[in-house]
Amino acid sequence: MAVTGARLFTKALAAEGVEIIFAYPGGYAIQLFDELYKQSEVKLVLPRHEQALVHEADGYARSTGKVGVCLVTSGPGATNTVTGLATANFDSVPIVCFTGQVPIQQIGNDAFQEADVIGITNSIVKHNFIVSERKDLGRIIKEAFHIARSGRPGVVVVDLPVNVVKELGDDTYPAQVKIRGYKPNEKGHKYQIRKACDELLAAKKPVFLIGGGVNNNEAGGSFTELVAVLNVPVISSLLGIGAVPCDNENYVGMLGMHGCFAANKAVCDCDLLFAIGTRFNDRITGQVDGFAKNARIVHIDIDPAAISRNITVDLPIVGDTANVIQEMRRQLEELTEKINEAAPVHKEWLGQVMKWKEENPIVVVESKKLLSPMKVIRQISDIFPDAIITTDVGQHQMWTAQFGMFRSPRSLLTSGGLGTMGFGLPSAIGAQLGNPEKRVVNISGDGGFQMNSQELATAVVEGLPLVICVFNNNYLGMVRQWQGLFYDKRYSGTCLRRRKGCPLRCNWPDENCPEYSPNFVKLAEAYGAAGLRVMKDEDIAPALLRAKEETGRPTLIEFMIEREFNVFPMVPSGGNISDMLLEEGMAAKEGGAQA
Amino acid sequence: MIRTISLLVENNPGVLARISGLFSGKFYNMESLTVGVTNDPTVSRITIICDNTDKEFEQVKKQLNRLVDVIKVTDLSNLKSIKKELALIKVSIKKEHRGDIFNLAAVYHCDIIDVGGNSMLLQICDKYDRVNDLIRLLSDYNIVEIARSGIVAMEGCAK
């Protein structure tokens, strides 16, 4: 039967099992919206900005494991998605983003709302397509979903010129894909896996390092069971948090720039670093020469390009983490004797690492006038033990990673690779839409929250009972922290209370500072959300409990936190991860301050 | 070290931009790049010459392999392969020196494909180094223009 491209589009979404499409209309997307209006399988969610739209699809995808689906119009609609797409792709989140486009005949004429979406997105997506002929539409959509969710997941953009969308053509949606240049290696090499198991059991001081590739139900669950029979400490990257419950007896904590002492120390001292699903980003390695320098390195990853890119690997295994972990478990069953032999040595090492953890814990710093952010996070974890928590980027993000108690995969959603401010609220919306039975808490700073605060409207109209915690220290805190530690307290462009009339140079926040803008409580109320402000310790729990009672609208809680609190431990950028600043007052090493 | 990569890619518009964008975006060196369709009209061959360290070159190959439109990556650096380049060189020359150019052309097996009142146009099709040598020798005269094709390469026949 001959149907329009738009009709085939909605048919394809239904065939792919899409539940929600995050979509913002425009002149060259209107036919697609018209078809969405006529059907009832796919729910249309209307965010208030296209960047946030992609973060919402991202939060949905990260929290559910399903592909997040976006639809925007041509030109500005498409260019606004760029930050969202780069954020998702960097953290390997499966997204298919459809962009409207001017008619093929007009491309290149600088037509109204024309932008070269393929050219713009080339370097920030896994793949992109422009559908230049109607006959290719079904095949391309099929391939887009396949590429987004298989291998190392990522973002696929499908650019839809309006003439193709309007044109009548075949209504069949293919069942199979065949792409000759794309065959991800899903299964790990059995012999390599055997060698890795042998090395693990022969090592005296082995450490597991897990990343985002393990942070899903299959791999994370399987890995947690694997760890249960071994006495090997587990360390995680930011994106790996939650893959193993934070209260697991083998779990040490996060490593890297703001990693805990024991994790960084264990990586420095280990003789075997067994890494799974991580990219060895510079934020976890610090100076690469000093990273795990006495260790053999085993690396399991689905992406061959991640192997030996930043850190030279001794034993690589390319494959899907869940498959490889499964195979490891199967092989270890045959190695019970060796496991028993290794147990005393490994137990001693695990004991040593846990002793470091006990002796150098991450500390809740008591506040003087306002709130301690660490305490607030501890209480959030107590009151919402099974919540999905989303963050923005900066100090509150690191405090959340350090002090939050995450017990299941996909429970911490945060922009790790790109480090995108404005991610927290929209990703919480996506997560709540994908997980209506769970509570979703967004922890943001006062800076990042303002980058997408318009999404309060989306949360209100969708009736989402989000708990939005804005940690307000009146500063862009992480940059202010660096300015405090490495730039002699020159608080350049980081004070959000600064106004016309302030001294030219100021680094002495006090109660006489100008009034903060905006008033977050009133802002929340203006959107139809509940708004609360908390300034005292004893009000933290009651505010959270009040938010917990809400079932049909979001609550924004503004926590007034100490203005100049810093995140510790800290490894100055470019430094060796064994050289940690553990607390306030430890001198920063000369030359440590680089981006 | 100078390397040669031969790629088979989908013959789609935009593929070249993906590949050149990969090199520029990741700051990889590229000395030359040629493209042409193969005997299968849906497939193009791209030949890239680049100068990389071993570690960087491993990444270059892996990143190229990651591209969905790239069907096959062959590293010809260490294989017995044939590499050729075509160059057109125009020299401005007085009539009395034409003989010199004819002599050079004979040594380098190149054709003189056009002659004007005070200029000559040479065509050489040879190895990269031989093309460079000829250009260096011709620079004793007045080279007006050069057009080089970039290198095309192929693995030799199995013996």
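Miscellaneous remarks
- For segment A:424-581, the Kirkwood radius over C-alpha pairs fed into Stokes-Einstein at 37 °C and 0.692 mPa s yields D = 191 µm² per second.
- For trypsin sites (Lys or Arg not before Pro), the sites in segment B:1-72 that DSSP calls loop and that have at most 12 other Cβ atoms within 10 Å are B:26.
- Counting only cysteine Cβ atoms and a cutoff under 4.7 Å, chain A contains unmatched residues A:197, A:246, A:260, A:268, A:270, A:469, A:495, A:502, A:506, A:513.
- Partners of residue A:548 within straight-line reach, counting lysines whose Cα lies under 22 Å from its Cα and excluding those fewer than 8 residues away in the same chain: A:375, A:438, A:522, A:536.
- Per residue, in Å², the accessible surface of segment B:1-96 once ligands and nucleic acids are set aside, probe 1.4 Å: 50
- Once C-alpha pairs closer than 8 Å and six or more residues apart are averaged by separation and normalised to the residue number of segment A:13-85, the relative contact order reads 42 percent.
- Rounded to whole Å, the principal axis extents of the Cα atoms in segment B:36-94 read 54, 34, 22, largest first.
- Note on residue A:348/residue A:37: beta-carbon distance plugged into 1/(1 + (r/R0)^6) with R0 of 51 Å gives a FRET efficiency of 0.20.
- Extension reserve of the residue A:508-residue A:535 stretch, reckoned as 0.36 nm per residue once the Cα distance is removed: 7.7 nm
- Principal axis analysis of the Cα atoms in segment A:211-270 yields extents of 28, 23, 18 Å, listed in decreasing size.
- Charged neighbours of residue B:76, selected by a Cβ distance under 10 Å, balance to +1 (K, R count +1; D, E count -1).
- Modelled this way, with points 7 Å down the Cα-to-C-beta line, the labels at residue A:288 and residue B:79 are 2.8 nm from one another.
- Charge-dipole axis of the protein assembly as shown as Lys and Arg at +1 and Asp and Glu at -1 on Cβ define it, positive-most pick from A:160, A:561, A:203: A:160
- Where labels lie 7 Å past Cα in the beta-carbon direction, separation of residue A:546 and residue B:24 in nm: 5.5
- When Rg and the Kirkwood Rh are both derived from Cα coordinates, the Rg/Rh ratio for chain A amounts to 0.98.
- Radius of gyration, Dmax [segment A:1-57; alpha carbons; angstrom]: 11.6, 37
- Between B and A, accessible area buried - total, square angstrom, nearest 100, 1.4 angstrom probe: 1400
- Computing Rg and the Kirkwood Rh from the Cα coordinates of chain B gives a ratio, Rg/Rh, of 1.06.
- Counting DSSP beta bridges with both ends in chain A, the antiparallel % (nearest 5): 5
- Placing dummy labels 7 Å off each Cα toward the beta-carbon, the span from residue A:229 to residue A:516 is 5.2 nm.
- The reciprocal of the average 1/r between distinct C-alpha atoms defines the Kirkwood hydrodynamic radius, which for segment A:277-316 equals 10.4 Å.
- Considering only B:86, B:67, B:16, the mean-square fluctuation computed in a Gaussian network model of chain B, springs between alpha carbons under 10 angstrom, is largest for B:67.
- Evaluated at q = 0.11, 0.19 Å⁻¹: base-10 log I(q)/I(0), Debye formula over Cα of segment A:270-420: -0.64, -1.40
- Only Lys, Arg (+1) and Asp, Glu (-1) charged, at Cβ; segment A:70-158 dipole about Cα centre in debye: 400
- Qualifying GluC sites (Glu not before Pro) in segment A:36-115, where qualification requires a DSSP coil assignment and no more than 13 other C-beta atoms within 10 Å, comprise A:41.
- Per DSSP, loop chymotrypsin sites (Phe, Trp or Tyr not before Pro) in segment A:91-157 with at most 16 further Cβ within 10 Å: A:112
The values are calculated or read from the model by the stated rules, or taken from the named source; none is laboratory data. Please read these numbers as outputs of a predicted model, since none were measured by experiment. Because the Cβ atoms are built from the backbone with ideal geometry, glycine has one as well, and the counts that use them run over all protein chains shown. Only protein heavy atoms, including side chains, enter the accessible area calculation; ligands, DNA and RNA are left aside. Shrake-Rupley method; radii C 1.70, N 1.55, O 1.52, S 1.80 Å.
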